Structures are given as structure tokens and as C-alpha cells.
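One structure is given here, and the rest of the page talks about it.
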Amino acid sequence: MIQVVLIDIDNTLLSFSGYVKEAMRDGFAQYGLKPYTEAMFPVFERINNSLWEQIEQGTLSFEELTEIRWNLIFHALGISFDGRIFEQYFREKLFFSAVPEPGAVELLEYLSRRYRLCIASNGPYEQQINRLRLGNMYDFFTHFFVSSQIGAQKPSAAFFDFCFNELRSSGFPNLVPEETIIIGDSLSSDIAGGAGYGMHTCLYQKQPAPALDTSKAEHIVRSLAEIQQIL
């Protein structure tokens, strides 16, 4: 029986993609760069995802990512501008971004009446907490497991070891992975990480992606509302 639900933030509860497009459009205009077009977003997504995969694998630190991310993106887009300046703008703007995914608050209202809810997120702790507060989601959770505070990233076992140690010391002394489920959009950090630890898994994938291996996802939903049919 499921007792605890761990939930990712970016592109699960809050729309990171929506924020990025807004930040690129407004930021490019603010700094006098070439106008943003939708064709630019896949470039950001490809480079950003590659960098986060390196972080998950332990070959890159978050601090290193912030030094190189926008320089790599600007190089790919043919834009001549200091990426570190744009990174600072990007992160300051992200701190106050809270665009909810459709149905996110309704899902939390439903789940919070049935399970213990916990955040499981890679990223800076203060930023993620502030965004949850702005999105009126903070109060649904009892634990906030964020990589910068833990000192380990999803999908590492160290990240989930920390989560379970905390939960076992605060009301669930005999909790086992089979009594938990993780909900998220990332096949690597959320789904592979959770499945590898023995947890149930639910992939939030708004659009089918036939080229990706989703075999480790126990459940796949196209909308957050569908999760109410599972839990």
C-alpha cells in the first residue's frame, strides 16, 4: 500500500519550459539580442538536458553548469553575448517564476488527503522553495528533498537514502520503497532513479516520445488529472 508520494517540481508541478521561453523572449529583448523564436527553445532544451545528465552522472557540478550553460546556448544560436551575464538574469528571474502545470494544485489537493507528500527535486533549495510558495503549493508538503541541501542528485541512491532516512525518523519507521511512488517528468532522474531504488514510478509525459525507453515507468500519464485514477 502506498503511504508516501514523492513529486518532482520542474515540468511536473511548475512549468519550467514555459518559464524558459518567457525568459528567453524577455531577456533577449532586454539585452538587445536577436529576437526570440520558437525554433530557439529546442536548442536550449538539448544543451540544458545534456548538462543536467552530466550532473546526474556526477561528471559536472551545478556551479559549473551555471558558468557554461548560456555560453554554449549562445554559441549554438550564433549570438555574441556573455553567457554568464544572461545566466545571472535567468536565475534571478527563475527564483520568482511559478507557472503551474495544468491541474497541479488540484492534484495536490487530492493526494494530500490520502498520502504524505514530499518534494524530490534537483536544484537550488531556496529557489525551489520560493517557487512552491509563489505557486501556492508549499503547504501540501511535509518534506522538501532538494539536491543542493542533501548534497546528492537524483537519480543517485544517496539522494533516496537521505529521503528514506528522514521519513523513517518522522512517522514512518518501517517505510520501505514499495510503499512509495515518485512522480516526475524525467526518465533518468525520476523514473530510473525511483525504479532503481525499488519505488513505484509514474512518468508525466505530456506528449508521446516513441524514441525514448519508458520501460521503467510503471505508469505513464499525459495529464496530471490522470494520476487520480492511479492513486
In straight Cα distance, which lysines are under 28 Å from Lys34, not counting same-chain residues fewer than 8 positions off? Lys21, Lys93
Under the 7 Å Cα-to-Cβ spin-label approximation, Gln57 and Val105 lie apart by a distance in nanometres of 4.0
In nanometres, what is the gap between the two model label sites at Glu22 and His75, each 7 Å from Cα along Cα-to-Cβ? 3.1
On C-alpha positions alone, give me the angle between the axis of helix 41-57 and the longest principal axis of the chain, in degrees, nearest 10. 50
Calculate the FRET efficiency for Lys216 and Asp82 from the Cβ-Cβ distance with a Förster distance of 45 Å, rounded to the nearest 0.05. 0.65
Compute the helix-to-body angle for 157-168: its Cα long axis versus the longest principal axis of the chain, expressed 0 to 90° and rounded to tens. 50
What distance in nm lies between label points placed 7 Å from Cα along the C-beta direction at Thr37 and Tyr89? 2.0
DSSP-defined beta bridges in the chain - what % are antiparallel, rounded to 5: 5
Counting other Cβ atoms within 10 Å of each Cβ, which chymotrypsin sites (Phe, Trp or Tyr not before Pro) in the range 1-94 have at most 15 and sit in a DSSP loop? Tyr31
With every protein chain kept in the model, how would you rank Leu94, Leu33 by accessible area, 1.4 Å probe, largest at the top? Leu33, Leu94
Mean-position separation - Cα centroids, the range 202-231 and the range 106-166, in angstrom: 20
Quick one: length gained pulling Glu126 to Arg168 fully straight, 0.36 nm per residue minus the C-alpha distance? 12.7 nm
Under 5 Å from the placed amide H of Ile220, counting only residues 5+ away or on other chains, we find Leu203
What part of the accessible area of the range 30-178, given as a whole %, is carbon or sulfur when the probe is 1.4 angstrom? 51
Expressed in nm², what is the orientationally averaged projection area of the convex hull enclosing the Cα positions of the range 107-174? 4.9
What value in Å³ per residue do you get for the convex hull of the alpha-carbon atoms in the range 109-231? 113
Would you mind getting the accessible area per residue of the chain, heavy atoms of the protein chains only, 1.4 Å probe, in Å²? 47
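The values are calculated or read from the model by the stated rules, or taken from the named source; none is laboratory data. Quantities reported herein were computed from a predicted structural model and do not represent experimental measurements. Don't worry about glycine lacking a Cβ; one is built from the backbone with ideal geometry, like all the others, and counts go over all protein chains shown. These accessible areas exclude ligands, DNA and RNA; they are computed on the full protein's heavy atoms, side chains included. Shrake-Rupley method; radii C 1.70, N 1.55, O 1.52, S 1.80 Å.
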